[in-house]
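Enquirer: There's a structure below that I have some questions on.
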Amino acid sequence: MVLPAGSVFQGDPFLITVSGVGSIADVQKIFFDNQSLWFFTYQGKPTALVGIDLNKKPGDYKILVKMENGDNFEKIIAVKAREKPEEPLGIPEKLGGNTLASQKTLVSTLASENDVINNLRSISKKLWPDGFSYPLVNPIVTDPYGYTRITGNYSIAHKGADFRAAAGTPVKAMGRGTVRLAQTFRNYGKTVAVDHGLGLITFYMHLSKIYVNEGEMVSQGQLIALSGQTGYSEVPHLHLSVKIGGVSIDPVKFLKIFADDSNSSLFHINL
């Protein structure tokens, strides 16, 4: 087995690749931390995509690969604590301003919106053939994933990345998939969610205009919306979130996995 340089931190995505097998049919199951993973063929090898929860307890966790011939292979990896700085963030006047009542409304309505988002289904088929790309032509991160926003008496983790985008900037689908959500929320504003299959869903929020409908198949790079500042947003931007098996991970690190020709961000299990 070969491990890459560096560490896996809370909020990170990574790939498990199985080398030295004849085909994906030789692999029966792949597990991480006792959870069964969907797996697929990537660069000719059986591969599973893993998302580490932002609040997962730091420590050692087991990768287990079960083969059809009865062989088992294991690898222990360390998940390390992620630095989570805190920043104050007020409530826009359009959502009631910085009052106790507005804070309570924000938290309760966020919970309702998250229920909708967390219950989106993902099909058990890989829909993306060519990897993923940034949704904007000039991607510049203004607010990174993983820090904590302090709003009055509440702490809200930022489980996505904000990108600089003037109102009306074209927003494109990161990869091929099916639109699972195209609607307006109080806090997330106009939102599009694209299911890429195997538990992988991308989210585009605070949009000013949506060009796609739920159930529509979109291709990588297709125009799906325009950026804006709808919902809980004080300036125009694009909020991008990526979920793997229901876990929100760092979108920038996710994109780097597929842009990194050296595959230095992968965990490998060589058989």
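What follows is calculated from the coordinates using simple rules that are stated; it is not laboratory data. This is a predicted model, so every value here is computed, not measured. Please note: Cβ atoms are built from the backbone with ideal geometry, for glycine as well, and neighbour counts cover all protein chains shown.
Enquirer: Going highest first, how would you order 215-221, 160-166, 183-189 by mean Cβ packing within 10 Å?
Expert: 160-166, 183-189, 215-221
Enquirer: Considering only Gly231, Gly96, Gly146, give the residue with the highest GNM mean-square fluctuation for the chain, with springs between Cα atoms whenever their separation is below 10 Å.
Expert: In this elastic network of the chain, the residue with the biggest mean-square fluctuation among Gly231, Gly96, Gly146 is Gly96.
Enquirer: Here's something else I'd like to know. Within the set of other residues whose C-beta is less than 13 Å from the C-beta of Leu120, count the net charge using Lys and Arg as +1 and Asp and Glu as -1.
Expert: -1
Enquirer: Over segment 1-113, what is the percentage of antiparallel beta bridges among all DSSP beta bridges, to the nearest 5?
Expert: In segment 1-113, approximately 90 percent of DSSP beta bridges are antiparallel ones.
Enquirer: Could you give the spread of the C-alpha atoms of segment 105-174 along their three principal axes, from largest to smallest, in whole angstroms?
Expert: In descending order, the Cα extents are 44, 33, 23 Å.
Enquirer: With the dipole of segment 93-249 worked out from charges on the C-beta (+1 for Lys and Arg, -1 for Asp and Glu) around the Cα centre, which of Pro236, Gly221, Ser208 lies farthest toward the positive end?
Expert: Gly221
Enquirer: Aspartates and glutamates near Lys66 by alpha-carbon distance under 15 Å, same-chain residues fewer than 8 away left out - which ones?
Expert: Once the sequence-local aspartates and glutamates are set aside, what remains near Lys66 is Asp26, Asp33, Glu74.
Enquirer: Right, here's the next one. Less than 29 Å apart at the alpha-carbon level, and either on another chain or at least 8 residues along: which lysines does that give for Lys190?
Expert: Lys190 reaches Lys84, Lys94, Lys104, Lys125, Lys126, Lys159, Lys172, Lys209, Lys243, Lys253, Lys256.
Enquirer: Right, something else. To the nearest 20 Debye, how big is the dipole of the chain about its Cα centre, given +1 on the beta carbon of each Lys and Arg and -1 on that of each Asp and Glu?
Expert: Details: 27 positive and 24 negative charges, 55 e Å.
That gives the chain a dipole magnitude of about 260 debye.
Enquirer: Let me ask something else. Along the charge dipole of the chain, which of Phe254, Ser19, Trp38 sits closest to the positive end, that is, farthest toward it, with unit charges on the beta carbon of Lys, Arg, Asp and Glu (+1, +1, -1, -1)?
Expert: Trp38
Enquirer: Sticking with this one: How tilted is helix 100-118 with respect to the longest principal axis of the chain? Cα atoms for both, answer in degrees (0 to 90, nearest 10).
Expert: 40 degrees
Enquirer: Here is a further query. Over all Cα pairs of the chain, how is the pair count split among 5 Å bins, expressed in % and running from 0 up to the last occupied bin?
Expert: Percent of pairs per bin, in order: 1, 6, 12, 16, 18, 16, 12, 9, 5, 3, 1, 0, 0.
Enquirer: Treat every Asp and Glu Cβ in segment 93-249 as -1 and every Lys and Arg Cβ as +1, leave all other atoms uncharged, and give the resulting dipole magnitude about the Cα centre to the nearest 20 debye.
Expert: 160 debye
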